[in-house]
Ligand code: GDP
């Protein structure tokens with residue numbers, strides 16, 4: 001089974017099914033309760049947890065385990081399949097020329113993620129460039145430049161300019177030889193109209209193939225409003241969850257995925273440019289349930 005890293009309480013509930021050929025409703029109820037507990041403490045939205053619980057209960061009670069399958073393996077398979085349906089597959093990212101626009105609030109990890117993703121694409125043999133349009137946060141230019149140097153990828157920014165849209169336009173032209181353009185944008189402390197207006201203009205200028213929303217793993221339910229606003233303004237195709245090396249499990253980001261009808265693209269797992277993983281459902285599910 002792909003889920004090899006379950007939380008101890010869920011594993012012990014499942015273990016009580018060992019040897020049973022059929023499940024009764026109490027067994028299922030017990031398991032679903034454990035799953036709910038884990039997911040709620042991982043910040044997964046209550047309504048998503050309830051939907052998932054209902055699907056698991058219905059299937060576990062109604063579906064016959066295929067011949068030779070124990071009740072434990074049967075329910076584990078159902079839990080896994082329903083969890084995959086909840087977290088989704090990873091955002092499609094063909095290894096070909098493309099422009100990626102990053103959106104998110106200040107401090108979510110956009111600049112770090114831009115350099116990380118550029119590093120990731122460079123390891124796949126592509127030629128990425130990062131364009132830093134954040135003129136709002138002091139230090140954003142230097143930080144982006146340094147990280148891109150560490151990642152050994154092309155970087156464009158202008159520390160003296162104050163028009164992010166002009167930087168975006170000039171940056172796209174100056175890095176025309178690159179295969180992958182990753183456009184970092186400014187955030188704000190909260191959603192503000194000028195932030196939205198600015199990113200809409202940048203979006204028009206760079207015409208991205210994909211716009212990704214960068215969210216801190218600790219986001220919780222604040223993800224909903226952000227996701228909705230960015231979805232309306234530029235359209236969100238995927239989510240990057242950062243700071244998964246901390247204690248937060250990133251379940252709040254699923255709210256954004258659900259809200260934007262998108263998927264997860266990358267996970268950030270540390271402060272250096274190499275601390276990036278492509279999203280892959282089973283590891284993330286284990287983390288949520290662990
Ligand atoms: P931005 O304002 O959205 O561009 O955010 P930054 O990229 O500047 O990140 C904000 C802070 O979070 C910085 O101190 C980063 O080093 C840190 N950070 C970003 N991603 C991660 C991550 O995956 N793990 C950890 N531990 N820190 C991160």
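Among the residues of segment 227-271, those that are within 14 Å of the ligand (Cβ to nearest atom), more than 18 Å from residue 41 (Cα to Cα) and surrounded by fewer than 23 Cβ atoms within 10 Å (Cβ to Cβ) comprise 269, 270, 271.
Restricting attention to segment 209-226 and to residues that are surrounded by fewer than 22 Cβ atoms within 10 Å (Cβ to Cβ) and assigned to a loop (DSSP other than H, G, I, E, B), the residue that is farthest from the ligand (Cβ to nearest atom) turns out to be 209.
The residues on offer are 103, 60, 85, and the sole one that is surrounded by 20 or more Cβ atoms within 10 Å (Cβ to Cβ) and without any contact (Cβ under 8 Å) to a residue 60 or more places away in the chain is 60.
Residues in segment 154-184 that are within 28 Å of residue 270 (Cβ to Cβ), more than 15 Å from the ligand (Cβ to nearest atom) and part of a loop (DSSP other than H, G, I, E, B): 159, 175, 178, 179.
Of all residues in segment 134-153, those satisfying the criterion of being touching a residue at least 24 places away in the same chain (Cβ under 8 Å), part of a loop (DSSP other than H, G, I, E, B) and within 11 Å of the ligand (Cβ to nearest atom) are 134, 136, 137.
Take the conditions without any contact (Cβ under 8 Å) to a residue 12 or more places away in the chain, part of a loop (DSSP other than H, G, I, E, B) and in contact with a helix residue (DSSP H, G or I) (Cβ under 9 Å, 6 or more places away or on another chain) and apply them to residue 94. Does it pass?
no
With respect to residue 20, is the statement that it is over 22 Å from the mean Cα position of the chain (by Cα) and assigned to a helix (DSSP H, G or I) true? No. For segment 63-74, state whether one or more residues are at pLDDT below 95, touching a helix residue (DSSP H, G or I) at 6+ places or on another chain (Cβ under 6 Å) and either in a helix (DSSP H, G or I) or within 16 Å of the ligand (Cβ to nearest atom) (or both). The answer is yes, given that some residue of segment 63-74 is at pLDDT below 95, touching a helix residue (DSSP H, G or I) at 6+ places or on another chain (Cβ under 6 Å) and either in a helix (DSSP H, G or I) or within 16 Å of the ligand (Cβ to nearest atom) (or both). In this structure, residue 187 qualifies as part of a loop (DSSP other than H, G, I, E, B), within 15 Å of the ligand (Cβ to nearest atom) and within 16 Å of residue 101 (Cα to Cα). Being under 15 Å from residue 173 (Cα atoms) and out of contact with any helix residue (DSSP H, G or I) (no Cβ under 7 Å at 6 or more places or on another chain) is the filter here; which residues of segment 204-213 pass it? If the condition is that a residue be under 15 Å from residue 173 (Cα atoms) and out of contact with any helix residue (DSSP H, G or I) (no Cβ under 7 Å at 6 or more places or on another chain), then 204, 207, 208 are the ones that fit. Checking 17, 52 one by one, the residue that is touching a helix residue (DSSP H, G or I) at 6+ places or on another chain (Cβ under 8 Å) and farther than 27 Å from residue 255 by Cβ is 17 and no other.
The values are calculated or read from the model by the stated rules, or taken from the named source; none is laboratory data. What you are looking at is a predicted structure, and each value in this text was computed from that prediction instead of being measured. We place every Cβ from the backbone using ideal geometry, glycine too, and count neighbours over all the protein chains shown.
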